[in-house]
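Student: The structure under discussion is supplied below as structure tokens; questions concerning it will follow.
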Amino acid sequence: MITDINPFVYSRPISPDEVIDRDEETHRLLQWAVGGHFVRLYAPRKYGKTSLLGRVLRDGERSEGLIPIMVDSTACCRSPTSPSASNAPTPAN
């Protein structure tokens with residue numbers, strides 16, 4: 001019996017305007033960013049981490065004058081044996 005069901009059904013990150021009910025998390029992450037703190041955000045795949053970060057970056061730019069930069073490092077961190085590794089760039093010799 002499956003008991004842990006992901007409540008979010010999206011195949012891609014959503015826009016910052018579509019992120020709802022995450023005001024407290026957004027504010028806390030923004031406080032930490034402005035304070036220069038390192039933060040580790042983790043959850044199972046497809047639980048909205050990227051969407052939440054997108055909102056934090058947008059809000060940080062608007063309210064704090066931060067310059068948002070998002071780096072997707074998933075391609076560089078895949079195992080050569082992972083199913084999606086064939087999509088990762090191969091290093092030049």
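Throughout, read-outs are computed from the coordinates displayed, never taken from laboratory work. Keep in mind that this is a model prediction, so the values were computed, not measured. In this analysis, Cβ positions are derived from the backbone assuming ideal geometry, glycine residues included, and neighbour counts consider all displayed protein chains.
Student: Ranking 3, 26, 74 by Cβ neighbours within 10 Å, fewest first, what do you get?
Tutor: Lowest count first: 3, 74, 26.
Student: Let me ask something else. Residue by residue, what Karplus-based ³J(HN,Hα) values in Hz, rounded to whole numbers, does the stretch 47-55 have, using 6.51, -1.76 and 1.60 with θ = phi - 60° and x for Gly and Pro?
Tutor: Rounded to whole hertz, the list is 9, x, 4, 5, 5, 5, 4, x, 5.
Student: Could you run the Karplus curve 6.51 cos²θ - 1.76 cosθ + 1.60 with θ = phi - 60° over the stretch 30-41 and give me ³J(HN,Hα) per residue in whole Hz, x for Gly and Pro?
Tutor: Each residue's phi maps through the Karplus curve to give 5, 4, 5, 5, 5, x, x, 8, 7, 10, 10, 10 Hz.
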